[in-house]
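Worksheet: the structure to be examined is printed underneath.
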Amino acid sequence: MTEDWHFYEPVNGHGLAHDPLNAIVAPRPIGWIGSRSRAGVNNLAPYSFFNLFNYRPPLLGFASQGWKDSVANIADTKVFTWNLATVDLAEPMNASAAMVGPEVDEFTLSGLAIAEGKLVAAPRVAASPVSFECRLTQLIRLETKEGRELDQWLVLGEAVGIHIATAMIDDGIYQTARARPILRGGGPADYFEITEAARFEMRRPG
C-alpha cells in the first residue's frame, strides 16, 4: 500500500488542477433524459449524476445542478424518458447538453428523431437501442450535512415501459456491450466506451 497520499477536505478545496471527485467516482452511466413541457416543447438533456436504484419496481434517478428545464418539465408533467447513450449517438448527446432557453427543442438542435412513448407523454430518442418510459416517484431537494438546502435536485422515477432493440438480445439475455454504451469520465471531456473486450465474469458467492 502506498504511503504517499493527497488528502484534502472538500470544504477547503482540492488543490489540484481539476476536481478529482468526478474522476474517482467514474465512469458513470449517462442519464439522457427526455421530457416535454406543458406547452408541448420537447427537451433532451444528459446528466452524469444518474443510476438505477431498484429492481422491482425499476427505479432510476438523476440529479440536476439547478432547476433546469428537465426538472421543471418533470415536476409539471410527472413523466420522462431515459435513453441509452451510445458511441454512435455521442455527438448528438453532447449537442443536447447545450445551455439554451426553454423554448428550444434539443431533439431538433441535435438532429435526433423522436419516438413517442407508449405509456407516457414524453419523447424518446428514436435511434437509441434502449429507452425507459418513466413516471415520477420523488423529487427531492438535496441538503448539506447541516441541513442547508442546495440548488441540486434529485429526480426519481419508476420505469413503467422499457423499449429494447431485439438486436441487443441473444437467447433471452441483453448483451450490454453490443450497443457500445458510453459513460462519463472525470476530466472536462472524458468519456469511456463499454466493449466486449473489457468484460470479465465473476459469480457471487453461494
Report the residue count in region 1-57 for those that are in a strand (DSSP E or B), surrounded by fewer than 17 Cβ atoms within 10 Å (Cβ to Cβ) and more than 11 Å from the chain's Cα centre (by Cα). 2
One residue is enough: does region 115-134 have a residue meeting the conditions buried (at least 17 other Cβ atoms within 10 Å of the Cβ), over 21 Å from Ile182 (Cβ atoms), in contact (Cβ under 8 Å) with a residue 60 or more places away in the chain and more than 18 Å from the chain's Cα centre (by Cα)? no
Pairs with Cβ under 7 Å, 6+ apart, first in region 137-155 and modelled with pLDDT of 95 or more, second of a type in the set (Val, Ile, Thr) and assigned to a strand (DSSP E or B): Leu139/Val155; Leu154/Ile140
Can you find, within region 175-198, the residue that is surrounded by the fewest Cβ atoms within 10 Å (Cβ to Cβ) among those that are free of Cβ contacts under 8 Å to residues at least 40 places away in the same chain, under 20 Å from Ile24 (Cα atoms) and touching a helix residue (DSSP H, G or I) at 6+ places or on another chain (Cβ under 8 Å)? Ala198
What's the number of the only condition in (1) farther than 25 Å from Arg56 by Cα; (2) touching a strand residue (DSSP E or B) at 6+ places or on another chain (Cβ under 8 Å); (3) among the hydrophobic types (A, V, I, L, M, F, W, C) that Leu109 fails to meet? (2)
Report every pair of residues separated by at least 6 positions or lying on different chains whose Cβ atoms are under 6 Å apart, first residue within region 87-109 and in contact (Cβ under 8 Å) with a residue 24 or more places away in the chain, second part of a helix (DSSP H, G or I). Ser96/Glu106; Pro102/Asp69
Could you count how many residues in region 69-88 are among the β-branched types (Val, Ile, Thr) and assigned to a helix (DSSP H, G or I)? 4
Hits in region 58-68 - residues which are among the small types (Gly, Ala, Ser) and part of a strand (DSSP E or B): Gly61, Ala63, Ser64
I need the full set of residues from region 177-200 which are of a type in the set (A, V, I, L, M) and within 15 Å of the chain's Cα centre (by Cα), in order please. Ile182, Leu183
Out of Gly206, Gly172, which single residue is modelled with pLDDT of 95 or more, of a type outside the set (Phe, Trp, Tyr) and either surrounded by fewer than 11 Cβ atoms within 10 Å (Cβ to Cβ) or under 21 Å from the mean Cα position of the chain (by Cα) (or both)? Gly172
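The values are calculated or read from the model by the stated rules, or taken from the named source; none is laboratory data. Since the model is a prediction, treat every value here as computed from it, not as a measurement. Because the Cβ atoms are built from the backbone with ideal geometry, glycine has one as well, and the counts that use them run over all protein chains shown.
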